[in-house]
Structures are given as C-alpha cells and as structure tokens.
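Here's the structure we're looking at; comments come further down.
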Amino acid sequence: MLTILFDGVAYGMLLFILAVGLAVTMGLMNFINLAHGAFAMAGGYITVLLMQRMGVPFLVCLPLAFLGAALMGALLERTLYRPMYNKPHLDQVLFSIGLVFMAVASVDYFLGSSQQNIHLPVWLKGRTEIGSDAFMLGMGHYRLFIIAVCAALTVALQYVLTKTRFGSRLRASVDDQRVAAGLGINVNLVFLSTFAVGSGLAGLGGALGAEVLGLDPTFPLKFMVYFLIVVAVGGTTSITGPLLAALLLGIADVAGKYYIPKLGAFIVYSLMIAILIWRPQGLFVRKAGK
C-alpha cells in the first residue's frame, strides 16, 4: 500500500511538471495551447539523442532538454503563437492541434516510430525497501529522484510567480495589457519569457518521464488528456491547484491499475467528473478583484 502511494506521488509530481506550463499559459496568458505535449516530446528526444549519439551524461541532458524546449517555445511564440493571442479560443484549439499532428508526423518521419529507451546511471537504478509485509515501503531510486527534482521546481516556480518582480509584472500584464504597457512593462517580453519557461518545464518533464512514461512520436496525443485533466481539475489561476490535481490523478491512476487493472482509466475519469461537479472552476480559483 505504501509503495503504491509512493509510486502514485512520483507519477503525480511528474505529471505536474509536464502540465504546469499549460496551466500557466491557459490561466495567466489566457491561451489554449494543446500542443504543449509536443514540447515535452521534444525534451525527451533531445535527451535520447544526446545520450545515444553523443554520450552526454543523463544529468547534463536534463538542463539541455529544458533549454532546447524553451528556445523552441520562444521561437514559436514569437513567430506563430503571438498572432493567435487575440483570436477566439476555437481558433487557438484548432491551431495548436494542427501543430501537434505536424510534430507527430515530423518525429515519426525523421526519427522513426519505435519506442525510445534511456539508460539511466547506475545510482538511479535499484530500489530501497523499508519495513515489512503490509507496511513495506519500496522506493525506486529514480522515482525518488523525480520527486526531489519536481518538488524543488515547484517551490522555485511558486516563489517566482508570487514573490518576485517578474511574477508581479506577469499578473499585471494578464489583468490589463494596456495599463501594464503604460506603466513601462514590456508585455511582449513578459509573455515571451513565460511561454519559453513553460515550454522548458514541459521539455524537462519529457526528459524525466521518458523512462517512466515511454517515448515515441505519439507521446503528445497519448498524454494530452492527462494534461487537460490536471489543468481542468486543479484550476488555472494558481500553482497549488494543478499540483494537488496531479497528485490525485497520479495516485488514483497507479492504485486503479494495481487493484482494478480493467477499470484503471474509468477510476481516473470518474474522479475527474466528481471533482468538476463539486467545483466546476477547479480546486483553487483566484477571486477577482473588485
């Protein structure tokens, strides 16, 4: 039982890092980017290619995956995404879905459709067991590493958004772009930086999750629903909501697949429906100012 809970927490933390960029773009920038999973796939493939073809160590690949996905996000934000900010949400959805299919087709053509494998360092392999019988806690070293990295990123992200000048400028830009620009805030630069960091976090999540979730060209399509569940259940106005939603989703998914394998997905969707009936706007909603 404790082992299942631990694995569920690790899975949930990974989903949070993968989905938090989508929560930021939807909640703070009011842009629906369903191509978010493509940046996660990019981070995963950057890690795989650097490790397999250039022999770059795994720990070095992680920041490179973040930077690669962030640069890709910044380039696309400047060229393709920015003109879509003021478009209707349906246009944004169709545009980003089109990018997803283009990314899937491109990766399949250039890198093949086979599943990619990552060879972890020796110290990240193995398992530590504490206790015995029903109270035994089995902690995989890599899942423990995922929890530690994602927890540190969560604290850093919460601090940046709530305690720094950049976070204040971002919230001001979202609330009223014209007033923010009149106060001397470079709104375009703020949105560019936010989109790039969100894309970089997705790329980092893809690099971390390649060994756990698997990596192939259909990655954005397979996990798009999970990203949307995290954002819809957690809400898009804070970091706390998506974090709690990701943990609930991770624990429910792991426990459901372990105890009732045939109904694993049903349990996740039932939990999502129950929460949204209870709180249609998500678990945490920022009250509008008067």
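The values are calculated or read from the model by the stated rules, or taken from the named source; none is laboratory data. All values reported here derive from a predicted model rather than from experimental measurement. Virtual Cβ from ideal backbone geometry, glycine too; neighbours counted across all protein chains shown.
Within the option set 244, 249, 204, being among the aliphatic types (A, V, I, L, M), surrounded by 23 or more Cβ atoms within 10 Å (Cβ to Cβ), more than 26 Å from residue 98 (Cα to Cα) and out of contact with any Pro (no Cβ under 7 Å at 6 or more places or on another chain) holds for one residue only, 249. Condition test on residue 238, is it under 17 Å from the mean Cα position of the chain (by Cα) and not in a helix (DSSP H, G or I)? Yes: the conditions hold for residue 238. Of note, residue 212 does not satisfy the criterion of being surrounded by fewer than 17 Cβ atoms within 10 Å (Cβ to Cβ) and without any contact (Cβ under 8 Å) to a residue 60 or more places away in the chain. Scanning the stretch 53-64 for residues that are touching a residue at least 12 places away in the same chain (Cβ under 8 Å), over 16 Å from the mean Cα position of the chain (by Cα) and assigned to a helix (DSSP H, G or I) yields 58, 59, 61, 64. Taking the stretch 20-31 as the range and being more than 16 Å from residue 152 (Cα to Cα) and touching a Pro at 6+ places or on another chain (Cβ under 7 Å) as the test, only 23 passes. Taken over the stretch 41-84, the criterion of being touching a Ser or Thr at 6+ places or on another chain (Cβ under 7 Å) and within 21 Å of residue 221 (Cβ to Cβ) is satisfied by 65, 69, 72, 73. The single condition among (1) farther than 21 Å from residue 18 by Cβ; (2) in contact with a helix residue (DSSP H, G or I) (Cβ under 8 Å, 6 or more places away or on another chain); (3) at pLDDT below 85 that residue 185 does not meet is (3).
For (1) surrounded by fewer than 22 Cβ atoms within 10 Å (Cβ to Cβ); (2) in a helix (DSSP H, G or I), each residue gets a yes or a no:
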residue	(1), (2)
5	yes, yes
15	no, yes
42	no, yes
66	no, yes
70	no, yes
74	yes, yes
81	no, yes
87	yes, no
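Whether a residue is surrounded by fewer than 24 Cβ atoms within 10 Å (Cβ to Cβ), assigned to a helix (DSSP H, G or I) and of a type outside the set (S, T, N, Q) was assessed, and residue 95 passes this test. Applying the criterion of being assigned to a helix (DSSP H, G or I), out of contact with any Leu (no Cβ under 8 Å at 6 or more places or on another chain) and without any contact (Cβ under 8 Å) to a residue 60 or more places away in the chain to the residues of the stretch 114-151, the residue that is farthest from residue 209 (Cα to Cα) is 133. Among the conditions (1) modelled with pLDDT under 90; (2) in a helix (DSSP H, G or I); (3) in contact with a Gly (Cβ under 6 Å, 6 or more places away or on another chain), the only one that residue 162 does not satisfy is (3).
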